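The values are calculated or read from the model by the stated rules, or taken from the named source; none is laboratory data. For clarity, every value in this text was computed on a predicted model and none was experimentally measured. Neighbour counts are summed over all protein chains in view; Cβ atoms, including those assigned to glycine, are modelled from backbone coordinates with ideal geometry.
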Amino acid sequence: MKFFLLFSALLCSSLTANEWKLVWSDEFDGKGHPTPEKWGYESGFVRNKEKQYYTTKRLQNARLENGHLIIEGHKESPSLDSLKNEPTKKLPRINYTSASLHTKGLASWKFGKIEVRAKVPQGLGVWPAIWTLGDSISTIGWPRCGEIDILEFVGKDPQHIHANAHFHRDGKHSSDHKKRKGNEPWKDFHTYSIEWDAEWIHFAFDGTRYHSFRVNKADTEKGNPFHKKHYLILNLALGGTWGGKIDDSIFPCQYLIDYVRVYQKSAKE
């Protein structure tokens, strides 16, 4: 009987696991620039009154090394020559640099499981994130496009990690936020994931679910942004509206990503 129960449990576990099919991934093997067929870059001062300038194809800020993607923040005022890949040659005053990588225009998904194994930096002012935006952002804007925050961490609140969903409802921005203890996430790698379907987005830390968002909260007459494709973003912000005051002694600071894996349910035969 014990053997049967054990066998049954293993079989059920295997069947559950086999529901997911790996459809996209990056293990960040190799060295140098991130794979251009998988990742693009944000450039410049982008949002939230953040202090960093996001650079493009600059190894000092984003590179593959020792099996990881390293996103590195610096306190610096770089020369124009060192920013030769920027889309503009008229640069503003820069005091901090970092990187933000995305799959926009390269890969996006509707529903599935997104799992990222990462080690966040520590210190006042850091604001690393793993998140998604709806493909429709270029036509309908934010927050109507929808946003899923798989991970946000701010150095001024070092004991917690944060999950959130942003959307537009009743003529204004709405969100559904949850935080939990993060077990000093800068000390080691952890997995941050969502399982997303037409009804729920479930958020997990090291495989343990800690927040669930009911997707129909975002229903509108024009549809639901979480019933449409989203692309992925990995970034290290510095300061800004939530990151707050920056401790300049923390630089350079590194955000390490071990892998990104995207799964979707196998079609039922």
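Each residue in the stretch 229-269 was checked for being out of contact with any strand residue (DSSP E or B) (no Cβ under 6 Å at 6 or more places or on another chain) and part of a helix (DSSP H, G or I), and 5 of them qualify.
Here is a yes/no grid of residues against (1) among the small types (Gly, Ala, Ser); (2) over 21 Å from Leu124 (Cβ atoms); (3) in contact with a Gly (Cβ under 9 Å, 6 or more places away or on another chain):
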residue: Gly32; (1), (2), (3): yes, yes, no
residue: Glu37; (1), (2), (3): no, yes, no
residue: Gly44; (1), (2), (3): yes, yes, no
residue: Tyr54; (1), (2), (3): no, no, yes
residue: Leu59; (1), (2), (3): no, yes, yes
residue: Leu80; (1), (2), (3): no, yes, no
residue: Glu86; (1), (2), (3): no, yes, yes
residue: Leu91; (1), (2), (3): no, yes, yes
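Given the criteria within 24 Å of Val23 (Cα to Cα) and either without any contact (Cβ under 8 Å) to a residue 24 or more places away in the chain or out of contact with any Lys or Arg (no Cβ under 6 Å at 6 or more places or on another chain) (or both), does Phe205 qualify? Yes: the conditions hold for Phe205.
For the stretch 47-67, a residue qualifies if it is surrounded by fewer than 15 Cβ atoms within 10 Å (Cβ to Cβ) and more than 19 Å from His33 (Cβ to Cβ), and the qualifying residues are Arg47, Asn48, Lys49.
The residue that is surrounded by the fewest Cβ atoms within 10 Å (Cβ to Cβ), among those in the stretch 191-236 that are β-branched (Val, Ile, Thr) and under 21 Å from Glu27 (Cβ atoms), is Thr191. Among the residues of the stretch 48-75, those that are closer than 25 Å to Trp186 by Cβ and without any contact (Cβ under 8 Å) to a residue 40 or more places away in the chain comprise Leu59, Gln60, Asn61, Ala62, Arg63, Leu64, Glu65, Asn66. Within the set Gly182, Gly244, the sole residue that is over 27 Å from Asp135 (Cβ atoms), in contact with a Phe, Trp or Tyr (Cβ under 8 Å, 6 or more places away or on another chain) and in contact (Cβ under 8 Å) with a residue 12 or more places away in the chain turns out to be Gly182. Selection of the stretch 186-239 for residues being among the aromatic types (Phe, Trp, Tyr) and either closer than 29 Å to Lys51 by Cβ or at pLDDT below 95 (or both) yields Trp186, Phe189, Tyr192, Phe203, Phe205, Tyr231. Can you confirm whether Lys179 is surrounded by 13 or more Cβ atoms within 10 Å (Cβ to Cβ), at pLDDT 95 or above and of a type in the set (Lys, Arg)? Yes; evaluated as a whole, the condition is true for this residue.
Only one residue in Pro158, Pro185 is buried (at least 19 other Cβ atoms within 10 Å of the Cβ) and not in a strand (DSSP E or B), so which one is that? None of the others qualify; the one that does is Pro185.
Here Ile70 clears all of (1) modelled with pLDDT of 95 or more; (2) of a type outside the set (Asp, Glu); (3) over 17 Å from the mean Cα position of the chain (by Cα); (4) surrounded by 15 or more Cβ atoms within 10 Å (Cβ to Cβ) except the condition numbered (3).
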